[in-house]
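The values are calculated or read from the model by the stated rules, or taken from the named source; none is laboratory data. Note that this is a predicted model, so its numbers are computed, not measured. As a convention, Cβ positions derive from the backbone with ideal geometry for all residues, glycine included, and neighbour counts pool all protein chains shown.
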Amino acid sequence: MSYIETIQTLAKSFRDNERNLALYFPDFETPPDHDSCNRVFGPPVGLTKDRWPTFAGLGELMEQADCIQHWDPRDTRMEHVFTIDLRYVELLGAPPDAVAMMLFISNATFHRACADGNQHTQVLFLSREDVDRGLYEGPLPQRSLYRWSRRFSLVPVEVPGDVFDVPQLGLPDDDPLVKLFEAVNAAPARLGGCPIYVQGQPSRRQGWDDSTATVPWQGEQSGRRQSPPHQGSTGTLPYEGNRKVVQPSGVLESSRTVPFDPDTMDSRPTVLRPSEGLVGPADALTFGDRSSSLSLAPSGPFLMQFQRRFAEVNLGNRGVMYVSGGGAYVQSH
């Protein structure tokens, strides 16, 4: 049973009127529709050269990471982490005319996106006109050529909204709501709902504690985006065979990245600690005391969170990355 099927099974143990919140989960096993924007790494969709986000301090960052060989001094572009198709998603906090959302990061394996409001991440929303441009056909940043590029479907699952209150409810471990909470928390990525395990004082969580960033899955209604056709009970987009999408340039989209090989890559970054200089590879993302630089409120409504199983980004020790309309940051445990 896949992790999504587990969540679906647990959610169905609640009555229909209790399941009032739609969450969206990535499904890498079900091929997406041919025109879906959903992808991790690889070429972004709808982006022009002049709109690609850049990071002025990239050279210094790559030198600190001992990865200067993967940097072109003439190229300060951030890395494209993912694109998510919003055409079949009701996500509060996204612009009403947005049909896709993209996350960029200064450098996936070594960065300083460890506080809300950092300059190392940027979220872009795309319009229909943007998406119609298709895949970016220019060269990717050199370091991005070695990222594992994948496409995925999004599966909506209706759950009780109070599943995110479990940490405060004091319920027994065998309570159905606790089991659902644990399954949702274990997902490699999730759009909607509330952030789980945001650390810090209550003032630093303001605006996220009570957020329910999606609305109930209602199917087809006038004035709303059309819901995707269903394959059984999965809620994923239809797949039209094993055809390969060929871009106008004649280059297959799958040829734009090098296949991921965990045996030949060390994804752990070299970490710079203020008093130690360069040290060896480390599991944790450590740049001194993060808590002193956390902003007092999130930079925008909570949209999603993800783990490394979704996108191979350095998230520290058992970390998760929270994404808002203003950017993203890492929370490590």
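Test residue 110 against the stated conditions and say whether it is touching a helix residue (DSSP H, G or I) at 6+ places or on another chain (Cβ under 8 Å), among the aromatic types (Phe, Trp, Tyr) and not in a helix (DSSP H, G or I). Please lay out each step first, then the result.
Numbers: touching a helix residue (DSSP H, G or I) at 6+ places or on another chain (Cβ under 8 Å): yes; among the aromatic types (Phe, Trp, Tyr): yes; not in a helix (DSSP H, G or I): yes.
When the stated conditions are applied, residue 110 passes them.
Hey, residue 35 hits all of (1) modelled with pLDDT of 90 or more; (2) within 30 Å of residue 128 (Cα to Cα) but one; which does it fall short on?
Of the numbered conditions (1) modelled with pLDDT of 90 or more; (2) within 30 Å of residue 128 (Cα to Cα), the odd one out for residue 35 is (1).
Just give me the residues in the range 154-193 being part of a loop (DSSP other than H, G, I, E, B), in contact with a helix residue (DSSP H, G or I) (Cβ under 8 Å, 6 or more places away or on another chain), farther than 18 Å from residue 319 by Cβ and touching a residue at least 24 places away in the same chain (Cβ under 8 Å), in sequence order.
Hits for the range 154-193 are 160, 193.
Could you tell me how many of the residues in the range 164-197 are within 24 Å of residue 330 (Cβ to Cβ) and of a type in the set (A, V, I, L, M, F, W, C)?
Number of matching residues: 11.
When residue 124 is evaluated against the numbered criteria (1) buried (at least 21 other Cβ atoms within 10 Å of the Cβ); (2) aliphatic (A, V, I, L, M); (3) in a strand (DSSP E or B), which criterion, by number, is the only one it fails?
Against the list (1) buried (at least 21 other Cβ atoms within 10 Å of the Cβ); (2) aliphatic (A, V, I, L, M); (3) in a strand (DSSP E or B), residue 124 comes up short only on (1).
So which pairs qualify, if the first residue must be in the range 41-57 and in contact (Cβ under 8 Å) with a residue 12 or more places away in the chain, the second must be outside any loop (DSSP other than H, G, I, E, B) and among the acidic types (Asp, Glu), the Cβ gap must be under 6 Å, and the two must be at least 6 apart or on different chains?
From the range 41-57, the pairs are 46/130.
Looking at residue 35 and the list (1) touching a residue at least 40 places away in the same chain (Cβ under 8 Å); (2) assigned to a loop (DSSP other than H, G, I, E, B), which single condition is not satisfied?
(1)
Going through 133, 143 one at a time, which residue ends up being at pLDDT below 95, over 21 Å from residue 28 (Cβ atoms), surrounded by 19 or more Cβ atoms within 10 Å (Cβ to Cβ) and out of contact with any Lys or Arg (no Cβ under 9 Å at 6 or more places or on another chain)?
The conditions single out 143.
With the condition kept exactly as written, say whether any residue in the range 130-143 is assigned to a loop (DSSP other than H, G, I, E, B), without any contact (Cβ under 8 Å) to a residue 60 or more places away in the chain, under 16 Å from residue 311 (Cα atoms) and touching a Leu at 6+ places or on another chain (Cβ under 9 Å). Quick ask: steps written out before the conclusion?
Here is the first cut: in the range 130-143, the residues assigned to a loop (DSSP other than H, G, I, E, B) are 132-134, 136-141.
From what's left, without any contact (Cβ under 8 Å) to a residue 60 or more places away in the chain: 139.
Within this subset, residues satisfying the condition of being under 16 Å from residue 311 (Cα atoms) are none.
Checking the range 130-143: not a single residue is assigned to a loop (DSSP other than H, G, I, E, B), without any contact (Cβ under 8 Å) to a residue 60 or more places away in the chain, under 16 Å from residue 311 (Cα atoms) and touching a Leu at 6+ places or on another chain (Cβ under 9 Å).
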